[in-house]
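A quick write-up on the structure given underneath.
The values are calculated or read from the model by the stated rules, or taken from the named source; none is laboratory data. Worth saying up front: this structure is predicted, and the values here are computed from it rather than measured. Because the Cβ atoms are built from the backbone with ideal geometry, glycine has one as well, and the counts that use them run over all protein chains shown.
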Amino acid sequence: MAEEIKPDQYKSSCDRYAGVGDIDDTITALDEMKAYVLRQLGSPTICVELSDDQLRDVILDSVRYVQRYYLNVGSHRDYLIMEVKRGVSHYKLCQELESVVSFEISNGLAGGINDLFTVTHNLLYNEMHSMNGWQFSGSCWGNNSSYGDILGSWNATLVWLKELKNDFSPAYQVKFNNLTKELSLWPSPKKDSLGLIEVYKRQRAVEIFNNPQFRKLVVASAGKIWANALSKYNITIAGGGALNAGTLYSNYKEDYDKAVERIDKESPNGYFFVG
């Protein structure tokens, strides 16, 4: 029989682990990240000859890589509202966007499906209330099992609405320039509207610093730079040993490739760019 854990006992058992992740582990600044990389490379036990600028470059390059390719970690999905102006085709978007996934004009159904006397309203009115012969009683649509009952009727209506949107909505060719952060629409809008944009926004660097795969990537990247520099010299370690820079580089290259492969596998599928 399992022993019952009383509240006081549970609290004391948890206290043994409290704060473990807070001891020199949570990195909140670039300088802390530099110090972490140096420690992982062997400093201060051995002399790691990487300049402050080299460390900064390799960390920021790794941040950019993760923001670009490590979806839902380096970048996260979000939705933005954008004002579309009559006659304006090019729009400057915020710099923290990594990519635009989709774009949609909010008033696409000829002024809105709920507006009376619109084309779409008149076309749908009879079908939505009779459901092709099955009367709408006010509580459900359709009572015939062959039609799928309530859910079948509801799903059919959603399909019709989608097709009406395709037939009557204004259609645009959309292009997003990731380097200039510029969204282009063709043809030019004929009236002012609101657009809904589905995007991937870059995660803040300090949040990325504490991701395990990012840490492996940045340490391996720094190790390759260090080992490559060492390969230009014949270095003898105190006590008579020699430093094999080629083997060191190969080891860090292997770690780097594993980190890149893991990042690729952990990123979700279905990431599409507009344009």
Any residue that is in contact (Cβ under 8 Å) with a residue 24 or more places away in the chain, of a type in the set (A, V, I, L, M, F, W, C), out of contact with any Lys or Arg (no Cβ under 8 Å at 6 or more places or on another chain) and in a strand (DSSP E or B) - is there at least one of those in region 47-63? no
I'm checking my understanding of the structure. Among residues of region 255-269 that are of a type outside the set (D, E) and in contact with a strand residue (DSSP E or B) (Cβ under 9 Å, 6 or more places away or on another chain), which one is modelled with the highest pLDDT? S267
What pairs come up if the first residue lies in region 68-83 and is on the phi > 0 side of the Ramachandran plot, the second is charged (D, E, K, R), and their beta carbons are under 9 Å apart, counting only those six or more places apart or on different chains? N72/E266
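Tell me which residues, restricted to region 174-223, are farther than 26 Å from Y256 by Cβ and charged (D, E, K, R).
Quick first cut of region 174-223, residues farther than 26 Å from Y256 by Cβ only: 174-177, 180-199, 201.
Residues satisfying the conditions are K175, K181, E182, K190, K191, D192, E198, K201.
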